[in-house]
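Here is the structure we will look at.
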Amino acid sequence: MGRVICSFCGCLCDDIEVGVQDGRIVSVRNACALGRVRFLEWDRDRLRHPTVLRGGEYVQVPLSEAIDRAAEIVSSARRLLVYGLSSTENDAHREAYRLAELVGGVVDNTSSVCHGPSILAVQQSGIPVVSLAEVRNRADLVIYWGANPVAAHPRHIQRFVRAEGAFVRDRELWVVDVRRSETARVADRFVRVQPGSDLEVLSALRAIVNGHTLDVSSVGGLAMSELSELAERMQSAQYGVIFFGLGLTQTGGRHHNVDAAIRLVQDLNSHARWGLLPMRGHYNVTGANDTSTWQTGYPFAVDFARGYPRYQPGEYSAVDMLVNRECDAVVNVAADPAAHFPREAVRHLGRIPVVNIDPKKNMTSLVASVNIPAAVAGVECDGIAVRMDGLPLYLKKAVDPPPDVLPDREVLAEIYVKVAEELGR
Amino acid sequence: MTRSMVLKDCCLYDPVNGVAGEHVDICIRDGRVVEREAGQTEVIDVGGRLVMPGGVDIHSHIMGSKLVHARAMCPEDQRLHTQAMTGTTRSGTGHTLPNSFAIGYRYSVMGYTTVVEPAVPPVRALGCWDEFRDVPNIDSALLAMLSNSTITMHYVEQGDISGLAGYIAWTLRVAGTFGVKVVNPGGVYAWAHGENVTRLDSPVPDWDVTPREILRSMCMAVGELNLPHPLHVHPINLGRVGNVETTIATLDALKGISTRTRGGSAAHLAHMSFECLSSVEGGGTEWRDIASGGTVFARYMNRNRHFTVDLGQVTFGPVTTLTGDGPFEAELFRTVHTKWSNLPVDSELPGGGGVVPLRFSPKSLTHSVQWATPLEFALSIDDIWRCVLTTDSPNGGPFTKYPLVISWLMSRRQREAWLDAVHEKTSRRTALASIDREWSLYDVAVATRAAPAKILGVSKWKGHLGPGADADVAVYDLRPEEVDLAHNPTLVLRALSRTYLTIKGGEVVAREGRAIKSVGGRLWTCHVELDSELAGRVESEMEEEFIPRWYAHAPENYAVPDRYRTGIERAVHREAMDIRP
């Protein structure tokens, strides 16, 4: 199969050639190391059967029984949390919101633990973004700030930055980070900032761009002379872009860092064309924000307790719901909170019933009360995912899922029907 | 299974069929209006209430990535106007930017059943097809933004109208779009260089083309393709004092371009309120010099018949400006300093569109004049069949303000009350206070149903209630003979805000001001059959040259797959076999 879309990271590379023989994937071309694993090892570490926890042991059950048990957990919950979604396709999101709405629960996606702060910054300031094709066609100055694409988005540089551009000849690549990352080693310029000083550095650059003089000799480990030179170069760019990562969103300052970057870029637009873009990790976390926004009005952390959507990151976000022991049941879809959440949050996961829907075994499958295997979206079922710059792409199905294994959307829809029956709706 | 219904004793306003307030019965079978209905039939006696065809909105931003972005950017807007879920309807939020479900329900509660999304970058049309599944109770169509596409620039520069027409037909087919939208032609492209265009003959960077050439070429291509809807135009210089001159020059540039079947209409000018500003005598282009260009433009319209218009009426209160016109939004941001997003879309919107939240205040002279301009225009034109009522939702205000707009048009008394409340100098900058005219219910039915359906090119099925029409019906809780609406603007507001019954495709979807059902809508598309040599040429240029060169994804992954169209797409077919390859 040609032109298959890789459902691993937010780049959604769509030039993958997948060789299929006898219903199995036997070869992959054009993918990065991460993408190769996504395809070639699609069948490894799978949850093979629905299981329910009984007397401390996981017992294999028919799918219908697992669905019944899941529906029982959902309908008897007083405050349900539905979480995950960023590694599955848009139709699964749809079913998740519908289920949360039905029982007056909370639904959150993984952006609350990655680029949630970026969204808060956008709500404060807006954001001039870029599209990846336009970056490739036009950008002459590309900065990765607190992001390490060589490790996390391995083809980002090759496809969009070091590729030939239609309307640009020379292009410079800078990396701003607290350490000399793998990406810094392939950059034209590496700017090392002191840990925790991104906000100061961004604000200083903005002050210089706006013609202010700062009465200090250095900021965040950078001499004023270097900062001035950076600012001058940024103003003289034709088309500049900052790709920012979790180095901005998940360090001290969080949304303030991103806000400072946005305001810097907004002001730079009085001198040159500039944009920025968050380096989204999970392949459809952008889609999760989009579907949540058009269906509930809000991009993440949505509560339906009153029958209509309300939004409160810090309260309805998954980690906070767990740490505050506010939810009494969880439906986890295509994510692994037990592996990635803070210990206190994971402890509460251990206390309450968890319905885990995922193709693979993971940490959450070891604490769940019910495990329901799902098809791998983009490999075993189709759907839509959204690239980090907002481009929706149609994920293809390359091979059939294992017998009796359904896409997330169908599992969730079956649970919905059962719950609606139980609640008499 | 045959499902049928008779609406008894309708006081019908159906301008397409020349009906103005006659009492008739309307028969419906299988989602269509039929001549008569015999046998087992549900009969609803509407008791002489006002009945109109389902409303048709030709320009309202209801879907797409920029709307999704704007909602996510403005939770302060989302908090307002919440609606809890019911057994048959989903929950809703949002004032100027409602979520998808609320958009459908609120339109159906007002009696609207067709709403066009006018600004879609085709490469992202898949997102609209996905989103539309969550917009209940209305049919829709997507207009493709192509006036700043790198590919358009290529064909225009080459003077290759056939190629451009082929590109448009290709786009309509693969992206499932219905018509073509122009947004600040050349200006949005120039914005990729941090620039804009201000004159029809300004140069566009990277290419040897001008806004005039882009407009004329696109208009010719759309004409040759014989598309149902003419070129939908958002001109250059939007939102600038004195821009009525540019707008008239733009329309002059399109005069005489031949169109095959649309009665000579070459273009539809969108949201005229933002592009028909004039200045005081001897004034310049500063905001303080603003004056209404409504009368000037109405005079032009009365003398020139080659275009149609929608109002984009400005209303007071919070709005969200969101357009494909990125440089305009950037300029607005520098004026109002609220928040600003800029959203480029691959090579189709190189500089990008934008979003800036705003509040129109009656205390502001600028805003008051902007409010008066489209009213002055609408009350000065001869032919309401060429005029559609819109607010360019959410730019001039949310679509839920249509009843208020209608009350201004129908009632001089209402206008006087509002003129008293707006900036005191407004009457010196507009002629609104001196206008006596009051739109009738018939006029309203024209501008909200008949005209938009006709301009859109779907008047066989929409905008009227003759046999064969889609059974989209709005019943309002108002008996027109019993009231003098011009003297009761409050009654206009109340009656038109909430229908007594809204019927979509033969099903009652709203009753007494509440949506009671969620029915999936249909998306209109247009398929044009071309000479196979031209189709083949453009396809290979697109797939082998342009997409690989200018986009960052594969041509095979551009099209909206059947999986998302099945059961939703409603295609209009056209033939344009005689366009030379």
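The values are calculated or read from the model by the stated rules, or taken from the named source; none is laboratory data. As the structure is a computational prediction, the values presented were derived from the model and not from experiment. As a convention, Cβ positions derive from the backbone with ideal geometry for all residues, glycine included, and neighbour counts pool all protein chains shown. These area figures cover heavy atoms from the full protein model, side chains too; ligands, DNA and RNA do not enter into them. Shrake-Rupley method; radii C 1.70, N 1.55, O 1.52, S 1.80 Å.
Below are the figures for this structure:
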| item | result |
| --- | --- |
| Leading residue by the ranking (farthest from B:Asn196 (Cα to Cα)) among those in the stretch B:326-354 that are part of a helix (DSSP H, G or I) and at the interface with another protein chain (Cβ under 7 Å from one of its Cβ atoms) | B:Asp346 |
| Pair list, Cβ under 8 Å, 6 or more apart: the stretch B:458-472 residue more than 14 Å from B:Leu7 (Cβ to Cβ), other residue small (Gly, Ala, Ser) and open to solvent by 10 Å² or more (accessible area, probe 1.4 Å) | B:Lys460/B:Gly468; B:Trp461/B:Gly468; B:Asp470/B:Gly31; B:Asp470/B:Gly505 |
| Considering residues of the stretch A:115-134 that are within 27 Å of B:Ala552 (Cα to Cα) and either more than 8 Å from every other protein chain (Cβ to nearest Cβ) or modelled with pLDDT under 95 (or both) only, the residue farthest from the chain's Cα centre (by Cα) | A:Ser118 |
| Number of the exception - A:Gln235 against (1) more than 27 Å from B:Cys74 (Cβ to Cβ); (2) away from chain B (no Cβ under 14 Å) | (2) |
| Matching residues, the stretch A:4-43, being touching a residue at least 60 places away in the same chain (Cβ under 8 Å) and open to solvent by 70 Å² or more (accessible area, probe 1.4 Å) | A:Phe8, A:Arg24, A:Ala33 |
| Those strands (runs of 3 or more DSSP E) lying entirely in the stretch A:345-417 with at least 1 residues touching a strand residue (DSSP E or B) at 6+ places or on another chain (Cβ under 7 Å) and among the β-branched types (Val, Ile, Thr) | A:354-358, A:370-373, A:383-386 |
| Test set (1) facing chain B (nearest Cβ under 10 Å); (2) surrounded by 24 or more Cβ atoms within 10 Å (Cβ to Cβ); (3) within 30 Å of B:Thr89 (Cβ to Cβ) - A:Trp274 fails condition number | (3) |
| Where a residue in the stretch B:405-417 is closer than 13 Å to B:Ala378 by Cβ and its partner, wherever it lies, is open to solvent by less than 60 Å² (accessible area, probe 1.4 Å) and aromatic (Phe, Trp, Tyr), with Cβ under 8 Å and at least six apart | B:Ile406/B:Trp439; B:Leu409/B:Trp439; B:Met410/B:Trp439; B:Arg415/B:Trp408 |
| Residue check, A:Ser112 at pLDDT below 95 and within 14 Å of chain B (Cβ to nearest Cβ) | yes |
| Any pair with Cβ under 6 angstrom, 6 or more apart, that starts in the stretch A:226-246 at a residue that is in the same structural domain as A:Ala147 (by TED's automatic domain parsing) and ends at one that is buried (at least 19 other Cβ atoms within 10 Å of the Cβ) and aromatic (Phe, Trp, Tyr) | A:Gly240/A:Trp274; A:Ile242/A:Trp145; A:Phe243/A:Tyr144; A:Phe244/A:Trp145 |
| Meets criteria (more than 19 Å from the chain's Cα centre (by Cα), more than 23 Å from A:Pro149 (Cβ to Cβ) and open to solvent by 30 Å² or more (accessible area, probe 1.4 Å)) for A:Asp328 | yes |
| Residues within the stretch B:201-215 that are closer than 13 Å to B:Gly159 by Cβ, in contact with a helix residue (DSSP H, G or I) (Cβ under 6 Å, 6 or more places away or on another chain) and either open to solvent by 10 Å² or more (accessible area, probe 1.4 Å) or assigned to a loop (DSSP other than H, G, I, E, B) (or both), tallied | 4 |
| Near pairs, Cβ below 9 angstrom, 6+ apart or cross-chain, from the stretch B:534-563 (facing chain A (nearest Cβ under 10 Å) and surrounded by 21 or more Cβ atoms within 10 Å (Cβ to Cβ)) to any residue that is acidic (Asp, Glu) and part of a helix (DSSP H, G or I) | B:Trp550/B:Asp346; B:Tyr551/B:Asp346; B:Tyr551/B:Glu348; B:Ala552/A:Glu134; B:Ala552/B:Asp346; B:His553/B:Asp346; B:Tyr558/B:Glu543 |
| Residue in the stretch B:83-93 that is more than 7 Å from chain A (Cβ to nearest Cβ), part of a loop (DSSP other than H, G, I, E, B) and within 30 Å of B:His232 (Cβ to Cβ) present | no |
| Number of the condition not met by B:Lys255 [criteria: (1) more than 17 Å from B:Ile455 (Cβ to Cβ); (2) open to solvent by 10 Å² or more (accessible area, probe 1.4 Å); (3) out of contact with any His (no Cβ under 6 Å at 6 or more places or on another chain)] | (3) |
| Some residue of the stretch A:57-65 being away from chain B (no Cβ under 12 Å) and among the acidic types (Asp, Glu) | yes |
| Pairs with Cβ under 8 Å, 6+ apart, first in the stretch A:157-184 and under 24 Å from A:Asp14 (Cβ atoms), second of a type in the set (Asp, Glu) and crowded, with 16+ Cβ neighbours inside 10 Å | A:Phe167/B:Asp206; A:Val168/A:Asp140; A:Arg171/A:Asp140; A:Thr183/A:Asp177 |
| Tally of residues being touching a residue at least 60 places away in the same chain (Cβ under 8 Å), crowded, with 24+ Cβ neighbours inside 10 Å and of a type outside the set (Phe, Trp, Tyr) across the stretch B:78-102 | 4 |
